[in-house]
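Asks: Would you mind keeping the following structure in view while I ask a few things?
What follows is calculated from the coordinates using simple rules that are stated; it is not laboratory data. Here the structure is a predicted model, which means the values were calculated and not measured. Positions of Cβ are backbone-derived with ideal geometry, glycine not excepted, and every protein chain shown enters the neighbour counts.
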Amino acid sequence: RFCGDEAASRYPLTVQPYVGTNDEGLAAAAHMPGRKTFLLLGSSLGNAIEPWKDIANIASFMARGDRLLIGVDTPPSDQDSGKTRAEVVAAYNDAAGITSRFTLNALTNANRLAGTDFDLADFRAVSEWSAEHHAII
């Protein structure tokens, strides 16, 4: 069930889902009437090489009075901060292999879109913590 249905019943807001690329969704939102709230989740920001460019891109689609809500998180540590690096790495290397299948799906799409012939059996997706980047790589 779409979570926007429950939110709309509790709060005076309209949730408009959109399927497409980020820029397609931003362009569509820019043409919607009324004041809008744009959401940028911290994990997306954390995975960006130059996150300020992502923020500037969103801002370029915003009108006066629109809002931008950015979700951020503190980086994990090996101390008692709520989550450890080991827990984050384990989440990305989940036992069910969901993250790995998601990552390797890029090769499936490359095969389909670019006519390549990557054999997924030859690849393995592994997520590791990078102390230099303070992120999963």
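Asks: Under a crude label model (7 Å from the Cα following the beta-carbon direction), how far is Leu41 from Ile70 in nanometres?
Replies: 1.8 nm
Asks: Same structure, new question: For helix 51-61, report the angle its Cα long axis makes with the longest principal axis of the Cα atoms of the chain; keep it between 0 and 90° and round to the nearest 10°.
Replies: Value to nearest ten degrees: 30.
Asks: For every helix of n ≥ 4 consecutive DSSP H residues, a contribution of -39,500 (n - 2.57) applies; sum these over the chain, divide by its total residues, and give [θ] at 222 nm rounded to the nearest 500 deg cm²/dmol. Mind showing how you got there, number by number?
Replies: Working: 6 runs with 59 residues, N = 137.
Calculated mean residue ellipticity at 222 nm is -12500 deg cm²/dmol.
Asks: Next up: Once you list every other residue whose beta carbon is under 14 Å from the beta carbon of Ala110, what net charge do they have if Lys and Arg are +1 and Asp and Glu are -1?
Replies: Numbers: positive: Arg112; negative: Asp117, Asp119, Asp122.
In short, -2.
Asks: Same structure again: Estimate the FRET efficiency between Asp94 and Glu6 by the formula 1/(1 + (r/R0)^6), using the beta-carbon distance for r and 30 Å for R0, to the nearest 0.05. Walk me through the intermediate numbers first.
Replies: Values: r = 27 Å, r/R0 = 0.90.
The value I calculate is 0.65.
Asks: Sticking with this one: Below 15 angstrom from the Cβ of Arg124, what's the summed charge of the other residues (Lys, Arg +1; Asp, Glu -1)?
Replies: Values: positive: Arg101; negative: Asp94, Asp119, Asp122, Glu128.
That sum, taken over residues with Cβ under 15 Å, equals -3.
Asks: How high is the relative contact order of the chain, in percent, with contacts defined as C-alpha pairs under 8 Å that are six or more residues apart?
Replies: Details: 100 pairs, mean separation 22.8, N = 137.
RCO, the chain: 17 percent.
Asks: Another question about this same structure. What is the list of residues in the range 6-25 whose amide nitrogen lies under 13 Å from a point 7 angstrom out from the Cα of Ser60, following Cα to Cβ?
Replies: Backbone N within reach: 23-24.
Asks: How long are the three semi-axes of the equivalent ellipsoid of the chain, in whole Å, if each is the root of 5 times an eigenvalue of the C-alpha gyration tensor, listed from largest down? Please list the in-between numbers first.
Replies: Details: eigenvalues 191, 102, 55 Å².
For the chain, the ellipsoid semi-axes come out as 31, 23, 17 Å.
Asks: Using amide H atoms built 1.01 Å from N in the peptide plane, name the residues 5+ places from Phe38, or on other chains, whose amide H lies under 5 Å from its own.
Replies: The list, which skips near neighbours in sequence, is Arg67, Leu68, Leu69.
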